């Protein structure tokens with residue numbers, strides 16, 4: 001069953017993506033190893049980020065992800081990321097309500 005996630009790029013571009021399983025997200029995030037990060041600002045959601053992003057020369061800080069993660073100035077999110085729901089045993093897709101809520105939050109962060 002296809003799941004919906006929210007792709008947030010380092011240039012603040014936001015788009016919906018579809019995926020079946022975690023391995024589908026590697027090319028979308030642009031990595032070989034995905035880290036699951038738990039954002040303080042968005043309980044119940046997860047950020048799927050590049051585990052090795054901070055070591056790559058050409059990755060930029062993801063401002064939206066860093067603010068949601070809530071561990072500045074000690075840690076930042078680097079590179080593009082996907083947001084989805086944290087399930088009990090697996091990742092869950094976003095609902096239309098989730099997408100609306102997250103887009104509103106992102107809009108507030110850009111101000």
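A short reminder: the numbers here are calculations on the coordinates, not readings from a lab. Just so you know, these numbers come straight off a predicted model, no measurement behind them. Note that we place each Cβ from the backbone using ideal geometry, even for glycine, and neighbour counts take in every protein chain shown.
Please state, as a whole number in µm²/s, the translational diffusion coefficient that the Stokes-Einstein equation yields for segment 1-104 at 25 °C and 0.890 mPa s, with Rh defined as the Kirkwood radius across alpha carbon pairs.
Diffusion coefficient, whole number: 181 µm²/s.
Could you work out the helix-only [θ] at 222 nm for the chain, with each DSSP H run of four or more residues adding -39,500 (n - 2.57) and the total divided by the number of residues, to the nearest 500 deg cm²/dmol?
Details: 3 runs with 26 residues, N = 111.
Taken over the chain, the calculation gives -6500 deg cm²/dmol.
Quick one: if you stick a label point 7 Å off each Cα along the C-beta vector at residue 24 and residue 52, how many nm between them?
Rounded to a tenth, the inter-label distance reads 2.5 nm.
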